[in-house]
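Enquirer: Quick one: the structure is below, questions incoming.
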Amino acid sequence: AKKAFIVTRVGDFGFLIALMYLFFKTFTQSENYLEIHVINANLPGLVEAGVITGGALTLIALGMFIGAIGKSGQFPLHTWLPDAMEGPTPVSALIHAATMVTAGVFLVARFFPIFEHSADTMMIVTIIGGVTAIFAATMGLVSNDIKRVLAYSTVSQLGYMMLALGVGAYGPAIFHLFTHAFFKALLFLGSGSVNHATGTFDMRYMGGLRKKMPITYITFLIGSLSLAGIFPLAGFWSKDEILLNAFKDGDLISISMMGFLLAIIAVFMTAFYMFRALFMTFEGDFRGGSEKDPEAQAHGPVHLAESPFPMVLPMIILAVPAVIIGFLVNPIVNIGIPKHWFTYEFLGKALDYNYHVHTAHHQFDLLLAIVSLSIALLGILLAWAMYKRNPYLAPSTLGRVSGPMYTLLLNKYYFDEAYERFITGKIYYRGIAQISDWLDRNIVDRIVNIVGWLGANFGSLIRELQTGQTQMYATVTSVGIIIIAAIYIFGM
């Protein structure tokens, strides 16, 4: 909890600076200068009038993006998000689907006009989004905790959304945010159902649950297929929109094309790590659960059976939109919804911004869809070969082939250790903490001591007037009355 609080405060600092600077630049221009739709509507006029220059817009957009990086767990402020799933599984499902971790993406989309006026910031958003998508996916390849795999997938998918925002496709970004909520909540609830049966979250001690937990297996399979972007599930349509915009908006040497290539690689990794998790959890033989896992005794006993109806019902409900909700984008056939209605018509009005003015509609590209689908299927095939066809092949193969790289990924690139050693150890304890200690002892304590000294001496001075002699009190009172009367008479 403290880790999440502290890391996100770093992003909040940039966001606060951006808000203060935006306030300073706009508070004289409108009575409702703090309302988002007013800022977005007035922005072109403020730019033309020179009230807000290009440099100011870049600073404001960068500050807001730093806040978004912290809130949505983007590189390099990603370390808090995988640890945030330590709480109850339903809470993890809600957090990763529709609350805090999505706030950064929505923030950038909500202030999209500001970002769009800063080409440098848009480039940075694209790079950070693409790097995060593939960076988090690599850690998901080797993680053995099923909830941590899903947490890394959340970071990676949020990177997809940031990438889409960076190339100007805020409609597809929010559409992917929308579809992602359903299948990610489904997958987290599925992991909780598995934990209820096995008493552990470690996939190395699971296996053989497909026949024991058929509803959990089918719903988890639907969520995995949707997250991997398999046609015709929801994740396919939203992810394809992002890939299409990144591909169409760039050339061979552009930042958009770089983002597209990173996203394509992440497509393969996503399919691999999700079906690695599926096969390790549900296929093969059962490997003991909490009875074999030395770190899972507190999670509960093993009872291999389908979870109670109140637990499986939400998964069944979420599985339905995970399959069909993608058709809201409707890029191919008319089923009563206009083409691209959700990503352009609905979001353009909902976010107080006319997407049509700035971004051309990209028609559905069948060839690109086939390419991305083929890459995802290739990832699934590799996971099947390593974790289902020969379940005991994977760990030895990965360890032998990748060696140090496997260890690097397993230790999350040693980011936590680096932050602990250099940020906490050197900058905080040897820098900020020592400065704070000096200020406390030499400034704060001395001010307090001076106030105490003044109080003590003033008290001593006043105490000498308290002689206990009635004559003295009467004399002082009489003199005071005479002085007041004189001031009143002569003042009049």
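The values are calculated or read from the model by the stated rules, or taken from the named source; none is laboratory data. All values reported here derive from a predicted model rather than from experimental measurement. Please note: Cβ atoms are built from the backbone with ideal geometry, for glycine as well, and neighbour counts cover all protein chains shown.
Enquirer: Does any residue of segment 114-122 turn out to be under 21 Å from A383 (Cβ atoms), part of a helix (DSSP H, G or I) and among the hydrophobic types (A, V, I, L, M, F, W, C)?
Expert: no
Enquirer: How many residues are at pLDDT below 80 and under 14 Å from M213 (Cβ atoms) if we restrict to segment 275-302?
Expert: Residues flagged as at pLDDT below 80 and under 14 Å from M213 (Cβ atoms) within segment 275-302 amount to 2.
Enquirer: So Y170 fits all but one of (1) of a type outside the set (K, R); (2) buried (at least 24 other Cβ atoms within 10 Å of the Cβ); (3) at pLDDT 85 or above; what number is the exception?
Expert: (3)
Enquirer: A follow-up question, please. Scan segment 58-73 and give yes if some residue there is closer than 23 Å to M162 by Cβ, outside any helix (DSSP H, G or I) and either at pLDDT 80 or above or among the hydroxyl-bearing types (S, T, Y) (or both), otherwise no.
Expert: Yes, some residue in segment 58-73 is closer than 23 Å to M162 by Cβ, outside any helix (DSSP H, G or I) and either at pLDDT 80 or above or among the hydroxyl-bearing types (S, T, Y) (or both).
Enquirer: Let me ask you something else. Quick one: in segment 194-241, which of the residues that are among the small types (G, A, S) and part of a loop (DSSP other than H, G, I, E, B) is nearest to the chain's Cα centre (by Cα)?
Expert: By that ranking, first place goes to G229.
Enquirer: Quick check on segment 125-167: of everything there that is in a helix (DSSP H, G or I) and of a type in the set (S, T, N, Q), which residue is surrounded by the fewest Cβ atoms within 10 Å (Cβ to Cβ)?
Expert: By that ranking, first place goes to T138.
Enquirer: Applying the selection to segment 459-484, what residues are assigned to a helix (DSSP H, G or I), modelled with pLDDT under 85 and not hydroxyl-bearing (S, T, Y)?
Expert: Passing the criteria: G459, L461, I462, R463, E464, L465, Q471, M472, A474, V476.
Enquirer: Next question. Inspect all residues belonging to segment 140-157 and state whether any of them is small (G, A, S) and modelled with pLDDT under 80.
Expert: We begin by selecting, within segment 140-157, every residue small (G, A, S); these are 140, 143, 151, 153, 156.
In the following step, the residues that additionally are modelled with pLDDT under 80 were identified as none.
No, there is no match, as no residue in segment 140-157 is small (G, A, S) and modelled with pLDDT under 80.
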